[in-house]
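Let me begin by presenting the structure, written as structure tokens, before commenting on it.
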């Protein structure tokens, strides 16, 4: 095989490999079925809100590094600055159970146990999740 043909073959293979890698890195626009959602509404004591946010941000950042955690979003209501909504997405309920056994979750739970006035946990199964690709 001549050098030119080998170079063209190598360039073609390299282009195909790059295209395959790009396909893997682009997030899907929609995913449906099977994922487990943990939706949590929390009312926090006003004086504890800064400390609570610090603790939940630390927990959330560590949580998304877990194998079964897909998303851990933290929201605060503009109408009630002491109301926090957590939107967590896991591969399945077992992944959420595993999350609750981690050192970072146990630290968060111990740190915030006296800060929470009200907690409403709603486990859900995802039917469709739509997201804009990055």
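Things worth noting here:
- Compactness of the stretch 34-134, taken as the C-alpha radius of gyration over 2.2 N^0.38 Å, stands at 1.07.
- Of the peptides 117-124, 41-48, the ranking by mean beta-carbon count within 10 Å, highest at the top, reads 41-48, 117-124.
- Average Cα contact separation per residue, the stretch 30-130, under 8 Å, 6 or more apart, as relative contact order %: 49
Bear in mind these aren't lab numbers, they're just calculated from the coordinates by the rules spelled out. Nothing here was measured: the structure is a model prediction, and the numbers come from that model. Cβ sites come from the backbone with ideal geometry, for glycine too, and all protein chains shown count toward neighbours.
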